[in-house]
Amino acid sequence: MQHGKYRFIVGFLALPLGLYALFVVWPFIQSIYYSFTDWTGLSPEFKMVGFDNYSRMLDDDIFWKSLQHSLLFALLLPVVTIGLALFFAFMINVGGRKRKNGPVITGVRGSSFYKIVYFFPQVLSIAIVALLFAFAYNPDSGALNSLLRGIGLDDVQPLWLGDPDLALWAVMAVLVWSTVGFFVVLFSAGMASIPAEMYEAALLDGANRVTTFFRVTLPLLWDTVQSGWVYMGILALGAESFAVVQIMTTGPGGPDYSTTVMVLYVYQKAFRDGQAAYATTIGVALLVVTLAFAAVVMRLGRRERLEY
């Protein structure tokens, strides 16, 4: 059984590892290399400039604004999204009242319908979601301001995407709405695998819903929550935030760079301004931020694994 074991393992791993190195690792290495050049992205000719791009980045006020916004996304979006998803998933699976001749542990009435409703935004492309909310945020004909006028709040007509103090929060709300359903389904699947006997024992001990959630559900679901936290942080730092900001905001990234995030700034420098080398420099900084975020979450979230 041991004869040729390692050749068998290497045979299976060689192709996927080779593809991963070619399409993931090698582009990262290339980006780091180009960050030390003056490459425009439009010409095969370039020369080495050392750390000039990094010095320029540290003196770039727009870069620091984009970094601040990206960090805000990475810190707040996972907290809000994961928190809402855990609440909804708990109510769908465990939060219902005991029904006559029914199981002791059950979700609220219509829980299957709620799962479909919460997951519905995942069926839509993030571009479609951004367009829909761009129309909803329109200050003249949008659904939100029309609703405010309909209930008599004619004096409260915010410029949702035109106010520098409000635009970033409006964008974050869209990201929460579009992603929370995925985590509701993810956590619901995890909660469904927790034995009902544990909840019944907690009820016999006099635990209420809040105590049951923090003492039973959350500890047993912690590995899933931690993975979801990292995944949501990566979405907030990457493609999801880029798509929403690019489609919804003026500029895009405005007004006055109030919604510019790092991934959008990379795109603008590379494809709008023809500064590919500087864009890769910002991309390297984004890579460092993403890796640091994942490492911090995994480190702070480390706890003894519970089995059942």
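Nothing in this text is a laboratory measurement; each read-out follows from the coordinates by a stated rule. Keep in mind that this is a model prediction, so the values were computed, not measured. Using ideal geometry, Cβ is built from the backbone for each residue, glycine included, and neighbour counts are taken over all protein chains shown.
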Using the Cβ atoms and a cut-off under 14 Å, what net charge is assigned to the surroundings of V297, where Lys and Arg are +1 and Asp and Glu are -1? +2
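Relative to the Cα centre, what is the charge dipole magnitude of segment 56-300, using +1 at the beta carbon of each Lys and Arg, -1 at the beta carbon of each Asp and Glu, and rounding to the nearest 20 debye?
Working: 14 positive and 15 negative charges, 205 e Å.
Magnitude of the dipole: close to 980 debye.
Any idea what the alpha-carbon Rg over 2.2 N^0.38 Å comes to for the chain?
Working: Rg = 24.0 Å, N = 308, 2.2 N^0.38 = 19.4 Å.
Its radius of gyration relative to the 2.2 N^0.38 Å reference: 1.23.
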The answer for GluC sites (Glu not before Pro) in segment 205-308 that fall in a DSSP coil and have at most 12 neighbouring Cβ atoms within 10 Å is E304, E307
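Note down the relative contact order for the chain as a percent, whole number, built from C-alpha pairs under 8 angstrom at least six residues apart. Show your work: numbers first, answer last.
Values: 372 pairs, mean separation 84.2, N = 308.
Value for the chain: 27 percent.
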In straight Cα distance, which aspartates and glutamates are under 19 Å from K47, not counting same-chain residues fewer than 8 positions off? D38, D273
Mean Kyte hydropathy of -0.5 or more with a Cα span along the axis of at least 27 Å, helices from DSSP in the chain: 61-93, 167-192, 276-300
Please find, in a Gaussian network model of the chain (springs between Cα atoms separated by less than 10 Å), the residue of L22, L175, L235 whose mean-square fluctuation is greatest. L22
